[in-house]
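> Please read through the structure below; I'll follow up with questions.
No value in this document is a laboratory result; all are computed from the given coordinates. Given the structure is predicted, the values throughout are model-derived calculations rather than measurements. A quick note on method: Cβ atoms are made from the backbone with ideal geometry, for glycine too, and the neighbour counts reach across all protein chains shown.
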Amino acid sequence: MKALNLHAVGDLRYEEVPTPVREEGEVLLKVKACGICGSDIPRIFKKGTYHFPTIPGHEFAGEIVDADKPELIGKKAAVFPLLPCRKCASCQVGEYAQCSDYDYYGSRRDGAYAEYIAVKEWNLVPFEGISYEEAAMCEPAAVALHAIGLADIKIGDTVAIFGAGPIGSMLGLWAKASGAARVILCDIDPTKVEFAAKMGFDAVNSAQTDAAEYIKSVTGGRGADACIEGAGASQTWECCIKSVKSFGHVVCMGNPFGDMTLSQGCYSQLLRKQLTLRGTWNSSYNDAHNDWRTALDAISKHIIDVRPLVSHRFALEDYQKAFDMILGRKEFYSKVMFIPA
C-alpha cells in the first residue's frame, strides 16, 4: 500500500510499505479521511516521533474491510487513537487518557496517513449517516468537548476562547451547544478572526485590540465566566486570567511552544479572583463517560456542524503541497484532510 512514512525529522516520504496484517482482536480499516492535526506539524518537522520510520496521522475514519467478526466488515468507524496499558492506576478506573504507559496511533505506532491501518476493535467508534470527513473530525471534537466540560459552562454564560484555529472553532461550537449566550474567539491571525466571524462568533483580533479590555467592556466590567487557553502561549494565558471574572474558570488546553510564564501582577489576579485553573488533555473514553460517542452523536445531528471547518483536501501523494501551504501560510486554511485514493 501507499503511505506517508516519516524516516527522520523533516524526512516524510510517499512510498510503498507493507499492508498491515491485523492480529486477533484487530480490524483492518481502509482509511477514507485523515486530518492533519496541529500537533502533527512539530511532530514531523521539529520533534520527530518515538521511533523511525513511523506513519503519522491520528484523526481518521474509514471502512472495516477485514475483522474477526464478519458482521463488522463493511461498517464505518472513527478510531480513538490511544491504546492504554490497562495495568496502571488510571487504567484501573477507566481514565485511559492518563495512562502511564500508553501507545498511540500516529506517533508511537503507525497511524493513518496511509491507505490501510490495523486497529484494535476496542478503539472503534462506529457511525452511520455522516461523511468520513465529518467522522474524522471526531478526534478534535471529542478533545474540545472534554475541555468544555471542565469549564463549567452554564446557560447564559460568556465564554472567551484564545486561539481561533479548528480546535478553537469547535470549542466555540460546544460552548454554544452548552448554553453560552456569548462566545468570543480571540486570535492574532486576521484570516482566522474573519473565519470565526463568518462562523457566527464574536471575533476579536487581539493583535489590534486589547482582548481583556474588550471582554470586560461587553460584560459590564465583570469578565467572562470561563476562558479557554488554546494557543499555548504565555501572552494568551495571561489574557485569560485578566479576562475572566472572579471565581471564574480558566482551562489550559494549548500545547506550549516553550516555557509558560506569568507576570507577578497576573499571578496576583489568579489569587485575588480565586480562580479555578484546570488542565485538559485528550478525552474521556469509557462506558461511563465517552466524549467520542457524544461527539459523533452531536456531529450526526448537526448539533455541532464541523463541515465548514474542512477547508482543504489532498491526496496522499500531494502531501508536499499540503505541508508547503501549512508551513508557508500561503493561504487561509482550517482543517486540512488527506483523502487516500
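> Among bridges DSSP assigns within the chain, what percent are antiparallel (round to 5)?
Counting only bridges with both partners in the chain, antiparallel ones make up about 55 percent.
> Hey, another quick one. With a ≥ b ≥ c the root eigenvalues of the C-alpha gyration tensor of segment 143-279, is it rounded (a/c under 1.5), prolate (a/b larger than b/c) or oblate?
rounded
> Please identify, among ASP66, ASP152, ASP287, the residue showing maximal mean-square fluctuation in a Gaussian network model of the chain using a 10 angstrom Cα cutoff.
Per the Cα network of the chain with a 10 Å cutoff, ASP287 tops the list.
> Now for a different question. Roughly speaking, what is the stretch gain from ASP68 to ASP305, that is 0.36 nm per residue apart minus the C-alpha to C-alpha distance, in nm to one decimal?
Here the answer is 81.9 nm.
> Hey, in the GNM for the chain with a 10 angstrom Cα cutoff, which one of GLU134, GLU115, GLU15 fluctuates hardest?
GLU15
> Sticking with this one: Output the antiparallel fraction of DSSP beta bridges having both residues in segment 189-279, as a percent to the nearest 5.
Approximately 0 percent, going by the DSSP bridge assignments.
> Mind putting a number on the dipole of the chain about its Cα centre? Charges go on the C-beta only, +1 for Lys and Arg and -1 for Asp and Glu, and I need it in Debye to the nearest 20.
Once rounded to the nearest 20, the dipole reads 860 debye.
> Which value in deg cm²/dmol, rounded to the nearest 500, describes the helix-derived mean residue ellipticity at 222 nm for the chain, given -39,500 (n - 2.57) per DSSP H run of n ≥ 4 and division by the residue count?
Working: 10 runs with 90 residues, N = 341.
Result for the chain: -7500 deg cm²/dmol, rounded to the nearest 500.
> Under the rule of at least 5 residues apart or a separate chain, name every residue whose amide H is placed under 5 Å from the amide H of TYR104.
When sequence neighbours closer than 5 places are left aside, the close amide H contacts are LEU83, ARG109.
> Read through the labelled values (1) 17.2; (2) 23.5; (3) 18.7 and report the label of the one computed as mean projected area of the Cα convex hull in nm² from the structure.
Read-out from the structure maps to (1).
> Once amide H atoms are placed 1.01 Å from N in the peptide plane, what residues at a sequence separation of 5 or more from ILE184, or on another chain, have their amide H within under 5 Å of its amide H?
Close amide H contacts, sequence-distant or interchain: VAL159, ALA160, ILE161.
> Here's something else I'd like to know. When only Cα pairs under 8 Å and 6 or more residues apart are kept, what is the percent relative contact order across the chain?
On the way: 769 pairs, mean separation 57.8, N = 341.
Value for the chain: 17 percent.
> Normalising by the residue count of segment 174-268, find the relative contact order in percent from Cα pairs under 8 Å and 6+ residues apart. Write out the running numbers ahead of the final one.
Details: 133 pairs, mean separation 19.0, N = 95.
Relative contact order comes out at 20 percent.
> Order of ILE155, ILE55, ILE339 from fewest to most other C-beta atoms within 10 Å?
ILE155, ILE339, ILE55
> Placing unit charges on C-beta atoms (Lys and Arg positive, Asp and Glu negative, everything else neutral), compute the dipole magnitude of segment 148-236 about its Cα centre in debye, rounded to 20. Before the final figure, lay out each step's value.
Working: 7 positive and 10 negative charges, 47 e Å.
For this selection, approximately 220 debye.
> Given the options GLY38, GLY129, GLY165, which has the most mean-square fluctuation in a GNM of the chain, springs set between C-alpha atoms less than 10 angstrom apart?
Top of the fluctuation ranking is GLY129.
> Residue by residue through segment 143-159, what is 3J(HN,Hα) from phi via Karplus (6.51 cos²θ - 1.76 cosθ + 1.60, θ = phi - 60°)? Round to whole Hz and write x for glycine and proline.
Per residue, the Karplus-derived 3J(HN,Hα) values read 5, 5, 4, 4, 5, 4, x, 7, 8, 6, 6, 10, 4, x, 5, 9, 10 Hz.
> Also, quick follow-up: Rounded to whole Hz and in sequence order, give me ³J(HN,Hα) for segment 61-73 from the Karplus expression 6.51 cos²θ - 1.76 cosθ + 1.60, θ = phi - 60°, writing x for Gly and Pro.
8, x, 10, 6, 10, 7, 6, 4, 9, x, 5, 7, 5
> Karplus couplings for segment 286-292 from phi (6.51 cos²θ - 1.76 cosθ + 1.60, θ = phi - 60°), rounded to Hz, Gly and Pro as x?
Per-residue couplings from phi come out as 8, 5, 7, 8, 10, 4, 5 Hz.
> Give, as a single signed number, the net charge of other residues whose beta carbon lies under 14 Å from the beta carbon of ASP152, with Lys and Arg counted +1 and Asp and Glu -1.
Values: positive: LYS154, LYS245, ARG278; negative: ASP157, ASP225.
Local net charge: +1.
> Order these peptides, 136-142, 71-77, by their mean beta-carbon neighbour count within 10 angstrom, highest first.
Highest mean packing first, the order is 136-142, 71-77.
> Still on this structure, please answer the following. Can you put PHE45, PHE127, PHE60 in order, fewest other beta carbons within 10 Å first?
The order, fewest Cβ neighbours first, is PHE45, PHE127, PHE60.
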